Amino acid sequence: MRVVEVQQAGDVLTIALNRPESHNAMNLELIRALTAVFRSLASRDDVRVAVLTGNGRSFCAGADLNMMRAAANYTFAENVADGRVIFDLMQAIDVCPKPVIGRVNGAAIGGGVGLVSACDIVVAVERAKFAFSETRLGIVPAVISPFVLAKIGVGNGRELFLTGERFDAHRAQQIGLVQHIVAEEELDAKIAERIEQLRLAAPGAQAAAKELIRTVAYQPKKEMRDFTANLIAQRRASNDGREGMSSFLAKRDPSWRLGS
């Protein structure tokens, strides 16, 4: 089974995370496949719009458990390399010259929210849940942070990064992570409506507009690649990071919650 399912209908390419049995959690195979698809779009004149979604009931549950287990035993250099791979996926979506619509059909947690933040337009179902859960595992949302903070702002990031709490689609819309909320049965109709609006603009102008926004509004994210990859490697190697990962995998409370 392919971990990323790609279907084209006319000039619309739908890219679906295809690990529904694990809530589309990201493993290395999925990350690399998804990165390759988005990098290929720059040279594809047959695609006007890309739609990113997840198969099943979830959008993306973040890192795969086996990936987390492996990371617990990585060397510092391996953790840095792992962080760079995840960063490169977010960057590939962010710099894609085609408009990217996030079709959020369920929960988006951790790295899953990173994927959402890299999309240009996001439509979410009412039941969708979101969380930057990393601090509850003793780590931080390092490599997704340049993309997330560009979308939701520092003020919202301060609260949600520090608490790691779950929030609903309406809160996500308030902070700019999500643009549209619909009932589940209306999701595809809303996606189709957004696609029709995007088709009214010139493809070259859209690509230039995306580059304009990245250049004018934010510091170049690529300059943050090494910093964020090193930070996640440091946190994974820290006492908190090791305890957080260990307790999560063992399904017990981490030491900092004892007595709370």
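Please treat every number below as a calculation from the coordinates, not as lab data. Source: prediction; values computed, not measured. Note that each Cβ is placed from the backbone with ideal geometry, even for glycine, and that neighbours are counted across all protein chains shown.
Given the structure, is T228 part of a helix (DSSP H, G or I), loosely packed, with under 14 Cβ neighbours inside 10 Å, polar (S, T, N, Q) and within 23 Å of the chain's Cα centre (by Cα)? In short, no.
Scanning segment 51-74 for residues that are hydroxyl-bearing (S, T, Y) and outside any loop (DSSP other than H, G, I, E, B) turns up just one, T53. Which pairs turn up if I take residues in segment 87-113 that are farther than 16 Å from I232 by Cα and look for partners that are of a type in the set (D, E) and assigned to a loop (DSSP other than H, G, I, E, B) with beta carbon separation below 6 Å, at least 6 apart in sequence or on another chain? Listed pairs, sorted by first residue: P99/D120; V100/D120. Within segment 62-85, residues that are over 11 Å from I232 (Cα atoms) reach partners that are of a type outside the set (A, V, I, L, M) and assigned to a loop (DSSP other than H, G, I, E, B) with beta carbons closer than 7 Å, at six or more positions or on different chains, in the pairs G62/G110; A63/G110; D64/N27; N66/N27; M67/N27. Please indicate, with yes or no, whether at least one residue in segment 39-54 is free of Cβ contacts under 8 Å to residues at least 40 places away in the same chain and either within 13 Å of the chain's Cα centre (by Cα) or crowded, with 18+ Cβ neighbours inside 10 Å (or both). Looking through segment 39-54, none of the residues is free of Cβ contacts under 8 Å to residues at least 40 places away in the same chain and either within 13 Å of the chain's Cα centre (by Cα) or crowded, with 18+ Cβ neighbours inside 10 Å (or both). A single member of A33, A77, A92 is surrounded by fewer than 16 Cβ atoms within 10 Å (Cβ to Cβ) and either in a helix (DSSP H, G or I) or touching a Phe, Trp or Tyr at 6+ places or on another chain (Cβ under 9 Å) (or both), and it is A77.
Quick check on this structure: which one of A217, A250 is surrounded by fewer than 16 Cβ atoms within 10 Å (Cβ to Cβ) and within 30 Å of A71 (Cα to Cα)? Outline the logic, then answer.
Numbers: A217 fails: within 30 Å of A71 (Cα to Cα).
Exactly one of A217, A250 is surrounded by fewer than 16 Cβ atoms within 10 Å (Cβ to Cβ) and within 30 Å of A71 (Cα to Cα), namely A250.
The set of residues in segment 151-186 being surrounded by fewer than 14 Cβ atoms within 10 Å (Cβ to Cβ), under 19 Å from L137 (Cβ atoms) and among the acidic types (D, E) consists of E159 alone.
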